[in-house]
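The values are calculated or read from the model by the stated rules, or taken from the named source; none is laboratory data. Quantities reported herein were computed from a predicted structural model and do not represent experimental measurements. Don't worry about glycine lacking a Cβ; one is built from the backbone with ideal geometry, like all the others, and counts go over all protein chains shown. Quick note on the areas: whole protein, heavy atoms, side chains included, nothing else; ligands and nucleic acids left out. Shrake-Rupley method; radii C 1.70, N 1.55, O 1.52, S 1.80 Å.
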Amino acid sequence: MITTSGRRLSVSWAIAIALTLATLIGILIVTRDLSISNDIFKDGVVQANKVDHTTDRANDGSAQLPPADDAINQGLPQVFGVIDSLNQANGTLATLATDLQSLGTALEKADPSLVSIIGSAGEATSSASGATGQVGEINTTLVGANTRVQNLGTLLDRTQELSTIIDSKLRIALLLPKFSK
């Protein structure tokens with residue numbers, strides 16, 4: 001039989017063991033929570049370092065904005081000069097296209113007359129005398145075409161001059177610093 005003092009001793013031991021187990025479980029929970037907190041803190045430090053590094057890079061990039069702005073401002077006159085030269089070249093090319101169209105029309109008009117003359121040359125002398133009027137028309141057409149060719153030569157010379165100007169301005173523009181997005 002268990003006596004009262006034996007029961008007290010058993011209850012005391014049971015309470016001591018329960019308290020010890022509760023304390024150990026509490027220590028394990030606190031240790032686990034501290035480990036999780038430590039991991040969160042370490043992750044926070046890593047994230048803070050990333051933010052710090054990104055901020056440093058952003059500050060370095062912003063320090064380069066004034067020189068880039070100055071370079072852009074210095075390069076704008078050359079860019080506008082190139083645009084102006086391109087506009088002039090465009091106008092010259094439009095005039096050249098019109099003159100080429102006129103030359104093409106004149107050559108188309110001369111073509112049937114030339115075909116007629118070639119056919120007439122193979123015929124008798126009477127057919128050759130009938131072609132005399134057409135030869136005069138061809139001569140007149142060719143004189144007009146010659147004038148247009150001379151005009152085209154002048155326009156082509158101007159186009160070459162503009163091309164040289166554009167080339168030199170583009171070479172200057174290539175020397176300007178390049179900036180990527």
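Think of the chain as a dipole: +1 on every Lys or Arg Cβ, -1 on every Asp or Glu Cβ, centred on the Cα centre; then among 146, 160, 49, 49 lies furthest on the positive end. Only one of the values (i) 21.4; (ii) 27.2; (iii) 19.8 was calculated from this structure for Kirkwood radius over Cα pairs in Å; name its label. Calculated Kirkwood radius over Cα pairs in Å: the matching label is (ii).
Relative contact order, whole percent, for the chain stands at 30, derived from Cα pairs under 8 Å and 6 or more residues apart. Considering only 156, 34, 170, the Gaussian network model of the chain with Cα springs below 10 Å gives its largest mean-square fluctuation to 34. Per residue, the chain exposes 77 Å² of accessible surface when a 1.4 Å probe is rolled over the protein heavy atoms with every protein chain present. Placing +1 on the Cβ of every Lys and Arg and -1 on the Cβ of every Asp and Glu, with no other charges, gives the stretch 8-68 a dipole of roughly 380 debye about its Cα centre. Using just its DSSP H runs of length 4 or more, each adding -39500 (n - 2.57), the chain gives a mean residue ellipticity at 222 nm of -34000 deg cm²/dmol after division by all residues.
The accessible surface of the chain, taken with every protein chain in place and a 1.4 Å probe, is 64 percent carbon and sulfur. Each of 176, 14, 65 was placed along the dipole of the chain (beta-carbon charges, centred on the mean Cα), and the one lying farthest toward the positive end is 14. Ranking of 42, 109, 169 by solvent-accessible surface, largest first: 109, 42, 169 (1.4 Å probe, protein heavy atoms only, all chains present). Computed from point charges on the beta carbon alone (+1 for Lys and Arg, -1 for Asp and Glu), the dipole magnitude for the chain about its Cα centre is near 1460 Debye.
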